Amino acid sequence: MSQIATNAQSVDELGAAPQLTALDRCDSCGAQAYIRVRVATGELLFCAHHGKKYEEKLSAIAESWHDESSRLLENQGA
Ligand SMILES: [Zn+2]
């Protein structure tokens, strides 16, 4: 239980249940957040765009990476 997940790409930590709502907003642009990153100092929220933008930097320090951006694809269809 004390093991810290180092694989920041894990997206299925809690199955398909969405944890982010329309009230959760991107820290960078204020759009609806679909990505939640937990770091030592707290939590960061990002929209799909900014989540991808900062993923490379944050993945090094992220303790967990929760990504619901796939919901965007589902909602928008092909
Ligand atoms: Zn954003």
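Here, each number is a calculation from the coordinates, and none is a lab measurement. Everything quoted here is computed from the prediction, not taken from an experiment. Positions of Cβ are generated from backbone atoms using ideal geometry, with glycine treated the same way; all protein chains shown enter the neighbour counts.
As an exercise, use a Förster radius of 35 Å and the Cβ-Cβ distance of residue 23 and residue 57 to find the FRET efficiency, rounded to the nearest 0.05. Step by step, r from the Cβ atoms, then E = 0.85.
Lys and Arg at +1, Asp and Glu at -1: add these up for the other residues within a Cβ distance under 15 Å of residue 41 and post the number. So the environment of residue 41 carries a net charge of 0. Per-residue packing, averaged as other Cβ atoms within 10 Å, sorts the ranges 17-23, 64-70 into the order 64-70, 17-23, beginning with the highest.
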